[in-house]
Amino acid sequence: MNNLIVSLIFDNIMNLLKIKGANNYKIIAYEKASRLIRDLEIDVAELIKEDRLTEISGIGEGLAENIKEIVETGTCQDYNDLAKEYPPTLISLLKVSGVGVSKVKQFYSEIGIKDLESLKEEAQSGALSQLSGIGPKTEQKILESVDKLLSEKNKLDLGEAAGLAYQLKDYIKGFKEVDSIEVVGGIRRREEIIDEIDLVIVTNDFEKTIKSLEKLPIISDVARLDDEIILADTKLGIGIKIFETGNSLFWQKVFWSTGSKEYNQKLKEIINDEIEDKIIGTFEDEQEIFKFIGLPYIIPELRDDLESIDRAKNHNLPSSIELKNIKGDLHMHSRWSDGRYTIEEMAQACQQKGYEYMAICDHTQALTVANGLTPDRLKAQWEEIDKLNETLDITILKGAEVDILEDRLDYDDDILAQLDIVIASVHSGFNNSREKIMGRIMMALENPHVHILAHPTGRLVLGRGAYNIDFERLVHKAIETNTILEINASPKRLDLSHQQVKLAHQLGAKFIINTDAHKVKQLNNMEFGVGVARKGWLEKDDVINTLRVDELKEFLAR
DNA sequence: GCCGTTTTCGGCCCGACTGTTTTCAGTCG
């Protein structure tokens with residue numbers, strides 16, 4: 001539980017150092033350390049105990065001292081000093097689109113703007129465009145972005161929220177007085193944006209549990225709402241709601257706190273009073289509750305889609321795809337472009353997951369910022385893949401994530417024809433007109449060598465809207481050209497969304513679930529992609545990376 | 001702030017493109 005708070009404070013230090021205008025390498029050092037600590041498999045407290053912090057490359061004496069201080073006290077002097085100089089609320093301004101360090105400094109020093117609220121006021125009054133370098137267009141753009149950020153305040157994407165929730169679950173599980181705990185609510189339903197972490201616990205000492213929670217550095221405040229509910233605030237902004245219940249009612253509580261409000265209302269309509277009165281016995285699991293009320297089991301992912309209740313009544317629910325059905329991951333990067341691990345390291349990790357196959361799809365030459373591969377470097381990469389295929393117990397496919405440029409793909413057809421798998425995607429011109437961006441995507445879909453359209457809409461969860469696309473037209477073209485639509489499993493993308501998956505599925509599209517991993521750890525994001533597929537009513541056969549390796553090869557050779 | 005030494009300092013370093021503004025800050029994977 002310590003890693004998250006260390007990472008958070010280092011992020012804050014990094015941002016305040018940027019605003020202060022500190023040495024860039026110092027900033028990079030904090031940024032890197034924050035990432036290292038966040039991705040660490042074990043708790044930093046363990047490393048401190050064994051005096052091994054500085055064994056991590058990137059953590060020196062100075063950072064190690066700060067880490068120790070944070071683990072002991074929840075903060076560190078370096079951060080406190082910076083926070084005295086610059087209000088930490090300034091960091092939120094850096095997220096505003098069109099605003100960087102220099103504008104934050106300008107806003108703060110010239111008109112005292114120190115948070116999103118005051119920036120909104122000044123932009124609304126027109127005071128912003130009076131400053132040098134800011135015109136009415138920038139002011140308007142800032143205002144729009146600030147409104148969006150304010151509406152997203154204290155919300156996290158599914159990946160961050162679930163990461164925190166799982167850590168909390170593990171931590172609370174260790175309390176002696178706690179018998180059972182489960183993550184429920186939006187995280188269990190696999191909502192893409194989470195505004196509250198919901199947990200159900202069975203504890204025989206409510207007060208003691210609250211006291212233990214208060215000790216956690218990531219938690220800023222714990223309060224008791226009533227006999228059954230604990231509310232807590234976190235330093236990540238998101239709130240936590242903990243439902244306390246007795247042992248005999250644990251699964252009922254899990255059941256009722258998983259569905260959305262509207263969903264539970266509709267469910268109650270079909271559960272008559274007589275049955276409801278009887279749902280007080282002890283159940284072994286949720287399956288038993290569904291059996292008791294006379295419905296087939298409805299997966300948590302569908303418990304905000306009212307249609308699933310009607311379909312359940314008619315015994316017409318899908319046989320939803322499961323994580324264990326996934327046989328391989330076909331979109332990941334290596335050090336050849338902007339990934340952080342070698343092909344061998346990625347392959348070993350995929351092997352450990354029990355995958356039969358994987359594909360390395362590094363970026364192509366136009367994406368210079370991501371060290372995209374020229375055809376010559378691509379061919380050199382093939383030699384490495386050939387060698388690994390001889391020794392490893394997993395099939396590595398040769399692929400590329402080819403950039404969809406203005407009027408062509410980033411590799412010629414003769415190169416594309418030699419690849420096992422071709423993924424096409426847009427990484428430029430996000431603001432193209434509908435006509436232009438659709439023309440580019442249509443061109444890619446029509447290319448016979450392209451198997452997959454990756455992150456088809458370009459949206460970022462809590463970050464950026466989709467390109468200006470005509471989604472149904474895109475789907476129809478994908479079906480016509482036998483191109484697979486990607487469900488990008490990165491919780492920052494979840495692109496397609498579950499609503500789009502449901503629609504495209506109805507239209508007849510086929511899908512693939514890929515992680516787009518740039519690091520070994522991101523291969524774990526597959527569960528979030530599968531969540532989108534389940535929310536989108538998909539079954540195993542709708543998703544091509546559930547095929548066995550020989551079936552997949554046959555499919556790709558088409 | 002970290003690292004690696006020709007061991008106590010010097011090197012580390014995305015960069016082309018966009019858009020609004022009038023010279024440069026912000027953006028992208």
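Would a scan of segment A:166-174 turn up a residue that is open to solvent by 50 Å² or more (accessible area, probe 1.4 Å), away from DNA strand B (no atom under 16 Å from the Cβ), among the acidic types (Asp, Glu) and in contact (Cβ under 8 Å) with a residue 12 or more places away in the chain? Checked segment A:166-174: no residue is open to solvent by 50 Å² or more (accessible area, probe 1.4 Å), away from DNA strand B (no atom under 16 Å from the Cβ), among the acidic types (Asp, Glu) and in contact (Cβ under 8 Å) with a residue 12 or more places away in the chain. Selection of segment A:138-154 for residues being open to solvent by less than 80 Å² (accessible area, probe 1.4 Å) and either at pLDDT 95 or above or closer than 15 Å to A:Ala123 by Cβ (or both) yields A:Thr138, A:Glu139, A:Ile142, A:Leu143, A:Ser145, A:Val146, A:Asp147, A:Leu149, A:Leu150. Taking the criterion of being of a type in the set (A, V, I, L, M, F, W, C) and out of contact with any Asp or Glu (no Cβ under 7 Å at 6 or more places or on another chain), the residues of segment A:188-197 that qualify are A:Ile194, A:Ile197.
Can you find, within segment A:510-531, the residue that is farthest from DNA strand B (Cβ to nearest atom) among those that are in contact with a His (Cβ under 9 Å, 6 or more places away or on another chain) and open to solvent by less than 10 Å² (accessible area, probe 1.4 Å)? The extreme case among them is A:Gly531.
Taking the numbered list (1) open to solvent by less than 70 Å² (accessible area, probe 1.4 Å); (2) out of contact with any Gly (no Cβ under 9 Å at 6 or more places or on another chain); (3) among the hydroxyl-bearing types (Ser, Thr, Tyr) in turn, A:Thr54 passes all entries but (2).
The requirement of being closer than 23 Å to A:Asp147 by Cα, open to solvent by 20 Å² or more (accessible area, probe 1.4 Å), modelled with pLDDT of 90 or more and more than 6 Å from DNA strand B (Cβ to nearest atom) is satisfied by A:Ile91.
Could you tell me whether A:Ala127 is closer than 30 Å to A:Asn431 by Cα and in the same structural domain as A:Asp39 (by TED's automatic domain parsing)?
It is true that A:Ala127 is closer than 30 Å to A:Asn431 by Cα and in the same structural domain as A:Asp39 (by TED's automatic domain parsing).
Looking only at segment A:1-10, residues that are modelled with pLDDT of 90 or more and away from DNA strand B (no atom under 14 Å from the Cβ) come to 6 in all.
Looking across segment A:344-393, the residues that are open to solvent by less than 40 Å² (accessible area, probe 1.4 Å), under 27 Å from A:Ile326 (Cβ atoms) and assigned to a helix (DSSP H, G or I) come down to A:Met346, A:Ala347, A:Ala349, A:Cys350, A:Ala370, A:Leu378, A:Gln381, A:Trp382, A:Ile385, A:Leu388. Annotation note: of A:Lys120, A:Lys137, A:Lys211, A:Lys155, the sole residue that is under 29 Å from A:Met1 (Cβ atoms) and free of Cβ contacts under 8 Å to residues at least 40 places away in the same chain is A:Lys211. Scanning segment A:12-52 for residues that are without any contact (Cβ under 8 Å) to a residue 24 or more places away in the chain and either closer than 24 Å to A:Val99 by Cβ or within 9 Å of DNA strand B (Cβ to nearest atom) (or both) returns A:Met14, A:Ala22, A:Asn23, A:Asn24, A:Tyr25, A:Lys26, A:Ile27, A:Ile28, A:Glu31. Among what's in segment A:57-80 and is within 11 Å of DNA strand B (Cβ to nearest atom) and part of a loop (DSSP other than H, G, I, E, B), pick the residue that is surrounded by the fewest Cβ atoms within 10 Å (Cβ to Cβ). That would be A:Ser57. Every condition in (1) assigned to a helix (DSSP H, G or I); (2) in the same structural domain as A:Lys521 (by TED's automatic domain parsing); (3) in contact with a strand residue (DSSP E or B) (Cβ under 8 Å, 6 or more places away or on another chain) is met by A:Glu301 except one, and the failing one is (2). Of everything listed in (1) farther than 19 Å from A:Thr364 by Cα; (2) open to solvent by 10 Å² or more (accessible area, probe 1.4 Å); (3) away from DNA strand B (no atom under 11 Å from the Cβ), the single unmet condition for A:Lys398 is (1).
The residues of segment A:433-455 that are within 15 Å of DNA strand B (Cβ to nearest atom), crowded, with 18+ Cβ neighbours inside 10 Å and assigned to a loop (DSSP other than H, G, I, E, B), listed by number, are A:Ala454, A:His455.
If you take the residues in segment A:401-432 that are assigned to a loop (DSSP other than H, G, I, E, B) and within 9 Å of DNA strand B (Cβ to nearest atom), which one is surrounded by the most Cβ atoms within 10 Å (Cβ to Cβ)? Steps first, answer last, please.
Step one: of segment A:401-432, the residues assigned to a loop (DSSP other than H, G, I, E, B) are A:405-408, A:410-412, A:417-420, A:426-432.
Subsequent filtering for residues that are within 9 Å of DNA strand B (Cβ to nearest atom) retains A:406, A:426-432.
Numbers: A:Glu406: 12, A:Val426: 22, A:His427: 20, A:Ser428: 12, A:Gly429: 14, A:Phe430: 14, A:Asn431: 9, A:Asn432: 18.
If we take residues in segment A:401-432 being assigned to a loop (DSSP other than H, G, I, E, B) and within 9 Å of DNA strand B (Cβ to nearest atom), then A:Val426 is surrounded by the most Cβ atoms within 10 Å (Cβ to Cβ).
Consider segment A:115-137 and keep the residues that are near DNA strand B (Cβ under 6 Å from one of its atoms) and open to solvent by less than 40 Å² (accessible area, probe 1.4 Å). The one that is farthest from A:Lys105 (Cα to Cα) is A:Gly135.
Return the only residue of A:Thr203, A:Thr234 being in contact (Cβ under 8 Å) with a residue 40 or more places away in the chain, over 28 Å from the mean Cα position of the chain (by Cα) and either buried (at least 19 other Cβ atoms within 10 Å of the Cβ) or within 26 Å of A:Thr75 (Cβ to Cβ) (or both).
Working: A:Thr234 fails: over 28 Å from the mean Cα position of the chain (by Cα).
Result: A:Thr203 is the single residue among A:Thr203, A:Thr234 that is in contact (Cβ under 8 Å) with a residue 40 or more places away in the chain, over 28 Å from the mean Cα position of the chain (by Cα) and either buried (at least 19 other Cβ atoms within 10 Å of the Cβ) or within 26 Å of A:Thr75 (Cβ to Cβ) (or both).
Within segment A:245-264, the set of residues being crowded, with 20+ Cβ neighbours inside 10 Å and either touching a strand residue (DSSP E or B) at 6+ places or on another chain (Cβ under 6 Å) or in a loop (DSSP other than H, G, I, E, B) (or both) comprises A:Phe250, A:Lys253, A:Val254, A:Thr258, A:Gly259.
The values are calculated or read from the model by the stated rules, or taken from the named source; none is laboratory data. None of the values given here were measured: they were computed from a predicted structure. Cβ: placed from backbone, ideal geometry, glycine included. Neighbour counts: every protein chain shown. For accessibility, only protein heavy atoms count, side chains too; no ligands or nucleic acids. Shrake-Rupley method; radii C 1.70, N 1.55, O 1.52, S 1.80 Å.
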